[in-house]
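Structure record follows, encoded as structure tokens.
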Amino acid sequence: MHAVEHAAGTAKEKVQNVGAKAEEKVEKNKAEAAGKTDKVMAHNDVEKEQAKAAEHQGKAEAKVRKDEKVNQNVAEKEQAKADLNTRKQAADAAYSAPQL
């Protein structure tokens, strides 16, 4: 039973990480599209550099958000594992208690 719960937690984490990666790609693509649009609309080199910097910042922020989500998923999995171990220890203690 515990192995099944652990496997389910691992699978859940993997699915959430895939979702976080997909969201990161969408956000990076949005930042890239906005950057290209801003570069085309720029009237001078300074505005083009600002557009490029904004694009890089948007991509970096997307990566940070993805990394935060992945770390949160790991923490949730570890918490679930700890909870499972606590329940297992309580059950083991209950079964090993002397019968009256």
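Tabulated results
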quantity: Pick from region 43-74, criterion of a type in the set (S, T, N, Q) and more than 30 Å from residue 15 (Cβ to Cβ), ranking: nearest to the chain's Cα centre (by Cα); calculated: 50
quantity: Selection status of residue 46, at pLDDT 95 or above, out of contact with any helix residue (DSSP H, G or I) (no Cβ under 9 Å at 6 or more places or on another chain) and not polar (S, T, N, Q); calculated: yes
quantity: Qualifying residue in region 11-23 (condition: surrounded by 12 or more Cβ atoms within 10 Å (Cβ to Cβ), in contact (Cβ under 8 Å) with a residue 60 or more places away in the chain and out of contact with any helix residue (DSSP H, G or I) (no Cβ under 6 Å at 6 or more places or on another chain)); calculated: yes
quantity: Only listed residue being in contact with a Lys or Arg (Cβ under 6 Å, 6 or more places away or on another chain), over 18 Å from residue 24 (Cα atoms) and either touching a residue at least 60 places away in the same chain (Cβ under 8 Å) or part of a helix (DSSP H, G or I) (or both), chosen from 94, 82, 51, 90; calculated: 51
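The values are calculated or read from the model by the stated rules, or taken from the named source; none is laboratory data. Note that the structure is a prediction, hence the values are computed from the model and not measured. With ideal geometry, Cβ positions are generated from the backbone for all residues, glycine too; neighbour counts draw on all protein chains shown.
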